Each structure stands twice: as structure tokens, then as C-alpha cells.
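A short reminder: the numbers here are calculations on the coordinates, not readings from a lab. Keep in mind that what you see is a predicted model, and the values were worked out from it rather than measured. For neighbour counting, all protein chains shown are included, and Cβ atoms are generated from backbone atoms with ideal geometry for every residue, glycine included.
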Amino acid sequence: MADLSRSKRWSFNRIAIHATLLVACAVYLVPLIVMLLTSFKTPDDVRTGNLLTLPVDWTLIGWIKAWSTVHEYFWNSFMITVPAVIISTFIGALNGYALSKWSFKGSNVLFSMLLFGCFIPFQVILLPMSFTLGKLGLANTTTGLVLVHVIYGLAFTTLFFRNYYVGIPDALIKAARLDGAGFFTIFWKILLPLSTPIVMVSLIWQFTQVWNDFLFGVVFASGSAQPITVALNNLVNTSTGAKEYNVDMAAAMIAALPTLLVYIFAGKYFVRGLTSGVVKG
Amino acid sequence: MAALELKNVRKTYGNAAQEALKGINISIDTGQFLILVGPSGCGKSTLMNAIAGLEDISSGAIILGGEDVTTVEPKDRDIAMVFQSYALYPTMTVRENIAFGLKIRKTPADQIAAEVDRVAKLLQIEHLLERKPSQLSGGQQQRVAMGRALARRPKLYLFDEPLSNLDAKLRVEMRTEIKLMHQRLKTTTVYVTHDQIEAMTLGDRVAVMKDGEVQQFGTPQEIYNNPANLFVASFIGSPPMNFIPVALDQESGRSVVRLQGQGERIAISLPMLQTALADGREAILGIRPEQICIRRGQIGDLPLVSARVQVVEPTGPDTLVYVEVNGVQVCCRLAPVDTPEIGSIVALELDVERLVLFEPASGARIA
Amino acid sequence: MSLSEVQIMRTGTSTSVRKPDRLQKWLPKLVLAPTAVAMIVCLYGYMLWTAVISLTTSRFMPVYNFAGFAQFERLLANDRWIVACKNLAIFGGMFILLCLIIGVFFAILLDQRIRREGFIRTIYLYPMALSMIVTGTAWKWLLNPGLGLDKLLRDWGWEGFRFDWLVDTDRVIYCLLIAAIWQASGFVMAMFLAGLRGVDSAIIRAAQIDGASLPTIYLRIVLPSLRPVFFSAVMILSHIAIKSFDLVMAMTAGGPGYSSDLPAVFMYQHTFTRGQMGLGAASSVLMLGAVLAILVPYLYSELRSKRHG
């Protein structure tokens, strides 16, 4: 589809197209640039300059103050994200394998039920879940949040792996079974070595989902167990005292950095995850 | 003792009333090469998977080397299989592929190495052992897949359309090679194909299947010369058998059919048909293309059917000549030397000894 | 040895032979069992539980005295809920429409053999990697009346420029809209670009030979063939819109007043901060209903097309 403009010379049209695209790039980048510029300003500088003026003198006070306020919650987010991502990906892989290669009566029904779970507005399960976590003594703990993220992440991770494994020929499984391999041997020795791309997709998707989550964090964890997103929101939306926009922006950057880095270094898998979450098989 | 015996094997899917296998009974001896052949959807692949244990059967029994394995897991049946897609493990080298089954069965390392070497030599793939499957050509992958099966020295080999992914030339080569291998190793083999030429060339025994039933089970020659019904007759043979609609009549105490090409209707007597059956009923006369000759002039008092030549197809070794008899196109397979002109009238001589007759509605053999 | 002993021995040996076989048969189900239980309990069970609560008079704690549909009646008579729903209609409708327009437009532009296409694509898509809380924080600052865009344009010489939509009860919803579009439009672009790359170039060449102009080719041939992508995009976008909660919390917390409330915010505040559990549950049930109204036809057509093709 890319072969339409056969002439590669710089016609007026092509210049206009490139210009439009570059302007749009600038528009998309402005919020990030503004955040960075503001985060390096002093509070006075924020007031006297405007969004796009460079800091008069570059300072890290915003970052230092932001870090001292949110670092605890930053680590909370890690304590929640890392186990939740690994567990949900692992279970999702096993589920996808069982659903695609060992289908049984009712496995399609189960899969449809899971698929549906990808689209549920989570508001409809918040109340009972918070009762349950309270009963289990997991309310306001990072463990509780790990549990919640694993449960509601499974729909997506299972979907990823199931759709990927459907594309792997059944004959491979049959051959391994005749070679004497059982359920888990086939998974470890045959399928998992083939799964690197989809494992990446699942890890990255889950990482962004869990790290960026706010709803579960604000409902199920408060105080010392809250994740970075909740802490950031509290910081930005407290009405007491003078607003320190440089601190807000530095805190926002701290909250954004892990997922931004993942996106920059593994963008290919990120996009694939986004689109394969959409295109179901 | 039978190496493999299938007793009334039935398979029903889910709640569907349709049966995929409707009571299959087949038995072969050690060292025999059984072909399961039929059009797609006939149940041949289901039957193969059932033999391998990859699919459960609904009723019946599968007996392997005297032992009932109906409920035994595939890994415990001592069976190896070569797949249409080869199903080589993509992340393993050729060596690891061949050794995988032995490793799982905890064979000592030196035995595995010896076995891999033996198989590699046998199949002439020694130089490929350290490669990954993606670095191999189709034919090489095919060899590795066979090597993987041979390494375990199982009781029974299953081939699931192993040649259908190869190009025409390679397919013929590999066919010969499989035949050679079987003659040397005398392995008991079940081979699924939809290709009737493979069925004829490779098999000791052929089971022609359709709609989950075995239509005929026998040697390739029996099936070719003596088809049990219209389906088997039409499925086996290339170019296919000619089917001519006729009426079974009597004439001076003999059973006859009348054939009309260009000119008069000629009565052909049928020595194999009891006169009691020749009561004017409709039938389908089957005759293979090579059982029709063209005569130039009257020889003896054999009745000849004259017909006009419509199409001539030289294939090299022989020439196919199409004429019209009783309103249908009939193919004759002739030596290239006596090719008639298009549009000319020729006299056809039928090999009446080998004619077969079928009932039009059921396709059952009359005689 | 008595007969029963023989039988015991026989069954003993036969189970020891068959046991691993049976375990193999059960393994897939065993592996899936925890997920199945979690789904049935934590998704479907909890949905029912929420529905039950929505039929009670629960306030700070769940009580199970049934009040029929009283909470739903209260909800539909609640001005704040009505505002939230109207906001969702404006926000959701414009969000989907504008994201589609922007996404399709830039996808087509990017499909013209652009230099550094990968780089440009990366920039369009990066907001999707951010938390909506971060997006909200950034845009709250950008749209800050007094110090944000407002001041920037006045500094640049546009003296009379005023931009205070963030505190304007009638316009605050458009601030949310701008931020949401910034975040999701690049994603729509990526979806359509992938779709465009999948269009058979032979069809395009055929149309060119037939003399069709470039805009005609796109409008009449290419875009109609991307119908499935449209469906998927609308599906995802409406899903984001109905669930969007983080963005409102970060940018406006529903304010000024409750002028930028969305159903998700309404549900959260009534259930967890205002002690109106029954009412909150009722609102979440209606949200589920809205999602189902979109989801069921989509899944139905999806499954049907799969069966047919």
C-alpha cells in the first residue's frame, strides 16, 4: 500500500505532507517538553516564565522534593508490578496452552467467559472485591493489589497466549506426545522456547497496565501501601499550601519514566500487545 | 499374530449424530504396509489419530502386537508418526529432534548418540545434524521427520500424508525411497494418503475409505481389478474408469448390454453376468481406459462399437483418446503408435472379461 | 487366596498402571481450574453481588434489606448522575469521532513513504504508554488558567487571549477531551496504519490503472476495506471512554462542582467516599449495561464472521 507516489522527488504535496506530520509531532511532544522544562525550574521561575521558556537556572530541587515525597510509593508500585506481571504472564501462558492445545468439552465456553472479562468495566466488581480483601486481611496491602492485578490481568494474558499458540501447529504437540512427552514437558521443552515474542508482549502489556493503574490502587490501597499513581494524584490535587508545579511535574515524570523507558526500548512489543489485545482469534 | 488389529472402531464427535468412524475392522500382519486412502473428510486421518492414541474412540478396540491399547496413552503405545507438516521442533537442531523421544524415555546418552548416527546414515542426513529445521529444504525436513520416527524403533510407524507438501518431482523420489526403506527394514506401517497413485505403489494392503467406512480392503491389485463398488472403482485409477449407462438385457440366452457410438447399437455379451439378472434393468458398466482397444477393420466376429474421436491427448508413454458412447465421454488409453485422427470414426474393442457392472442407485457391484 | 483378594490385587495393579494416564487427561483442566474459579467468583459472582447490593438500601456498610429498584429510581432522578451521563455522551461521542478522524488522517499521511516513518510513529504513540494520571497532571498544568497556555500565548503577543475552560463549568469537559485525544489518537493511527499495510496493493494498482485519483482510491476502495479496523477502534475507544476515571480524577476530580463528572467518577465517589453504596452499585450496574449494549453485538458479529470464514 506504500507504493502510491511513484516519484520520490519533493513535490509540493510531499513537502506539505511532511510538514503536517512534523507539526503534529511537535504537538504530541509539547506536553512532555513542558513537563520536563517545568520540572527543572524554581517555583519563582515557574511563575515568571511561561510553559515553553527555558529554566533561568536549571535546578533539581523539584526532582529532589518530588522523589522524597513519592519514592516510597514508587517502590510500592514495583513491589506490586513485578510479581503481578510475572505471575499473571506465567499463568496466562499455561492457560493459553491448555486452552489451545488440550481443548476439552467446555474449554470454548471458558474461553468466551475469559474474553468477556477483558471488557468488563471494573466498577462493577469493586465493592465485592474490597469486602473480600478486607475479609482476607489484605485491604491496604501491596499483596492485595498483586492478587487483584493477577486475577483481572489473567483475561488478557490468557488471550495473548491462547491466540499465539493457536497459530502453532497441533502436529508439533502430537509428535511430542508420541515421543513420550507429557503435558508439562511439552510446555517447557517445545512451546515455551517458541514463545519469546508473546512473552514479551504479555510482560510489557501487563507492566504498563499494572504500573499505570489508578482505580484498583485508589480503591484497595491507601496510605503507606498506595502505588505511585495514587500518590501522584494526591500530591497534585492537595489544595493546602502554595502549588509547586515544578514538584508536580517532576513527580509526574517519575511516575511516567518506567513505562516510557519500556516503550522506548521495547516499543515493537508494546504496539503488538495493543493491537493483538484488539484483534481476537 | 496380527501386528495391528482394529475391531469395530467407532468415533462420534460431541453430540453430533454424525459418526466420523462407523465401525472399522482392519487387521494387518507384522511387516506389512497398510494404506488408508480416501477423499478428504473420509475419516482416514481420524482413524490414524485413533491408532496413535491422539484421539479417543467411542467404542471398539485397537490391538497392537496382541495387546489392547485402546485406553493407553499415546506415549505408551510404542508408535512413531511422520506428519504432513513434518512437525519438527523448531527450536531444536536435527540431532536434538531425532534424540528427543529417546531422551524423554531416559535412554543412556551413548545409546542415543549411536542411534542418531545409525538413523542419520540410513537417511543420508549426517551433514545436517547440527542445523535447525528452518535451515533445511522441504525434502530434508521430510527425511529428518522420518529419522525421528525411525530412531525409536517402535512397533508401528504411522505416516500422515507425508509427501503432500513436496513438489511433484521430489514426491516421486521420496515415494521410491519410502518403498525402499520399507523393503529393507520391514517395518509395520500405516500410511494415510489421498493420492491413489501413492496408495497403489506403496501399499501391501489398501483400505479405501469414504464417509467413515472402509469401502474395500485388499491388495492394490484386488482393488484395482476387482473394485467392490462404484466409489472404489472411480477413486482408484488414473485416468479414472469409464462409466457407461446401460440396460442389462438377454439375447439368445446370453446376457448382453447394448452400446451405441456413431452408428448402430451393438450388443456386447457379458459372460460373467447370470442371465437371471439380465431382466432389462438399468446398470452402470465400468471399463478402464486401457481395457479398450481401437481396431482398424474387422477381426474375427468380435462385435465392435464404432465411435467418433473427439479429443486426443498425447501424454508421452501413451495417448488418451476420448470418444462418445451411450451419450457419455469414454476415455481409451492407447499406445502412441496408432493414434487416430480427430473426427475419424474408430472401432472400439472392449475387454469383456474385465468389465464390471454396478447398480446406479447404490453403487453396489452387480458383477 | 480368596476371590475378593484376587479382585483387590487386580484393581490395585490396574489403577497403578492407569493412574498417570488419568492424571494426564485431567492436567489441562487442573491447570485451568484456578483461573476458571477466579473468573466465576471474582468476575461473574461479583457482578451478581454488586447487582444484589444495588437492590438494597446499603449506605456505608452492605445491608441486605431489599428495596426493589428504589436505588435505580433515585439514580435516574439524581441531577448529578444525569450530568455525568450527558458528559459521557459528549465526551465519549466526540472522543471516538475525533480520535478516528485524527487517527485515519495521520495513518494515511504516514502511509505515503515518509522518511523516518518509524520515528514519527513512535512520537505519535508514546502518550499511550503513560498513565492517565500523568496525562491528567500534565494537561492540568498546560491548561492552567493564568499560568498555562493562557500565559504562553499572551507572552507570545496575543494580548487578549483567555483560556480558562478548566474552571468553566460548561467547557471543562472539553479539557478532558483534549487530554484524552492526545493520549489515544496515536494508538488509533497505529491501528489504521497496520490496516493500510494489509490492503492488497494489486487492488490499488488496478484502481490507478482505471484512472482513479488518490483521494478517490482512499475514500472508495481503501477505507471501506478497513471496516473491521473501524469496528475494533470504536470498540476500544468506547471502552476507554466508559471506563475513563483516572483522567477526571487527575484533572478536575469532577469539578468545578460536579460539572465534569463521568459515571465512573460518580460511582467511585458515591460508593467509597459518600456512603451511598446502594446508589453506587446501581450506577455500576448501569455502566455494565452500557458496555454490554456495545459489546454483545460486536462479539456476536465477530464470532459469526469467524464461523463463516
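Rounded, prolate or oblate: pick one for chain A, where a ≥ b ≥ c are the square roots of the eigenvalues of its C-alpha gyration tensor, a/c under 1.5 means rounded, and failing that, prolate if a/b is larger than b/c, else oblate. It comes out oblate by the Cα gyration axes.
When only Cα pairs under 8 Å and 6 or more residues apart are kept, what is the percent relative contact order across segment A:60-280? Relative CO of segment A:60-280 lands at 37 percent.
Look at the stretch B:83-93: the mean tally of other chain Cβ atoms within 10 Å of its residues' Cβ atoms is 5.
Note on B:Ile345/B:Gln221: beta-carbon distance plugged into 1/(1 + (r/R0)^6) with R0 of 45 Å gives a FRET efficiency of 0.80.
The aspartates and glutamates whose alpha-carbon is closer than 15 Å to the alpha-carbon of B:Lys186, local same-chain residues fewer than 8 away aside, are B:Asp29, B:Glu177, B:Asp204. Each of B:Ile178, B:Ile35 has some number of other Cβ atoms within 10 Å of its Cβ, and from fewest to most they run B:Ile178, B:Ile35.
Hydrophobic long helices, here whole DSSP H runs in chain A with Kyte-Doolittle means of at least 1.0 and Cα atoms spread over 27 Å or more along the helix axis, are found at A:12-39, A:142-166, A:245-276. By definition, a body whose alpha carbon gyration tensor gives a ≥ b ≥ c is rounded when a/c is under 1.5, and segment B:14-89 falls into this rounded group.
For C:Lys29, the lysines whose Cα falls under 21 Å of its own Cα, not counting residues fewer than eight places away in the same chain, are A:Lys101, A:Lys105, A:Lys174, A:Lys189, B:Lys75, C:Lys19.
Anisotropy class assigned to segment C:78-308 is oblate, per the alpha carbon gyration tensor with a/c at or over the 1.5 cut-off and a/b no larger than b/c. Can you tally the net charge around B:Asn229? Count Lys and Arg as +1, Asp and Glu as -1, for every other residue whose Cβ sits under 14 Å from the Cβ of B:Asn229. The answer is -2. Protection proxy ranking for B:256-263, B:274-281, using the average of other Cβ atoms within 10 Å per residue and placing the highest first: B:256-263, B:274-281. Axis of helix B:109-123 versus longest Cα principal axis of chain B: the two differ by about 30°, to the nearest ten degrees. Once C-alpha pairs closer than 8 Å and six or more residues apart are averaged by separation and normalised to the residue number of chain C, the relative contact order reads 27 percent. Partner lysines whose Cα lies under 23 Å from the Cα of A:Lys41, excluding those fewer than 8 positions away in the same chain, are identified as A:Lys65, A:Lys243, C:Lys140, C:Lys151. Modelled spin-label separation between C:Ala293 and A:Ser224, with each label point placed 7 Å from Cα along the Cα-to-Cβ direction: 4.7 nm. Ordering B:Arg354, B:Arg148, A:Arg272 from the fewest to the most neighbouring beta carbons within 10 Å gives B:Arg354, A:Arg272, B:Arg148. Against the main long axis of the alpha-carbon atoms of chain C, helix C:277-308 sits at an angle near 80°. The angle between the Cα long axis of helix B:138-151 and the main principal axis of chain B comes to about 60°, on a 0 to 90 degree scale. Summing charges over all other residues whose Cβ lies under 14 Å from the Cβ of A:Gly267, with Lys and Arg as +1 and Asp and Glu as -1, gives +2. Taking a Cβ cut-off of under 11 Å around A:Val46, the surrounding Lys, Arg, Asp and Glu residues balance to a net charge of 0, with basic ones at +1 and acidic ones at -1. Among A:Thr38, C:Thr50, a tally of other beta-carbon atoms within 10 Å of each Cβ gives an order, fewest to most, of C:Thr50, A:Thr38.
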